[in-house]
Amino acid sequence: MIDQRMADSINDQINAEMFSAYLYQSMAAWFADQNFNGMATWMTAQAQEEMIHAMKFYNYLIERGGTVLLKQIDSPPTEWASPLAAFEAALDHERYITERINKMMDLAIDIRDHAAKGLLQWYVDEQVEEEANATDNVEKLRMVGDAGNAKYMLDKEFGTRPVLFTIPVSAAD
Ligand SMILES: [Fe+2]
Ligand SMILES: [Fe+2]
């Protein structure tokens, strides 16, 4: 049976990962509205990955005999001053998530929950990649600055990221 402190912490993190999905999907909507369709695709793929992060914790908690509690998800912001500002906000958010994961690992070590340590190590490694990608994106946006042509090309590049799944519905359905 899982320690209640770890179960509580995992439930809070399921919420944080689902909020991450909300945040990136909100950025995707804003990018689409600004006609940066490639960046919108990139953020949709990112939102999908965050749901996978949430579900990995969800499945683990069930496997360990814990109770999943889906709490209210906060509303994310809906607009940003520029594409650069949105990607900077994404980087800040990833740094915040890394801090949370590190605190969860501290708890797992404190209470000698070796199974949770194994799970959390996956997230520690994932956050290294998440921060690296987010930093890379910010640097690309800074490099192109206000040059319309370069921004257009960069948007195309962002659009090459594959989404994990597409939702087969249209407004006509
Ligand atoms: Fe995540
Ligand atoms: Fe993330």
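At a glance:
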item: Estimated D of the chain in µm² per second, where Rh is the Kirkwood radius over Cα pairs and Stokes-Einstein applies at 4 °C, 1.567 mPa s; result: 75
item: Size of charge dipole - the chain - debye, nearest 20, with Cβ of Lys, Arg +1 and Asp, Glu -1, no other charges; result: 180
item: At R0 = 22 Å, FRET efficiency that the Cβ-Cβ distance of Trp122 and Glu99 yields, to 0.05; result: 0.80
item: Rel. contact order, % - alpha carbon contacts under 8 angstrom, at least six apart, the range 4-158; result: 28
item: Fully extended contour minus Cα-Cα distance, from Thr135 to Asn35, at 0.36 nm per residue; result: 33.7 nm
item: Inter-part distance where the range 123-167 and the range 95-122 are each reduced to a Cα centre, Å; result: 27
item: 20 Å reach of a label modelled at Val169, 7 Å along Cα-to-Cβ, counting backbone N of the range 42-58; result: 44-52
item: Length released on extending from Ser82 to Glu157, taking residue separation times 0.36 nm less the Cα-Cα span; result: 25.2 nm
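Every number here is computed from the coordinates shown, using simple stated rules; none is lab data. Since the structure is predicted, the reported quantities are computational estimates derived from the model, not experimental observations. All Cβ positions, glycine included, derive from the backbone under ideal geometry; neighbour counts span all protein chains shown.
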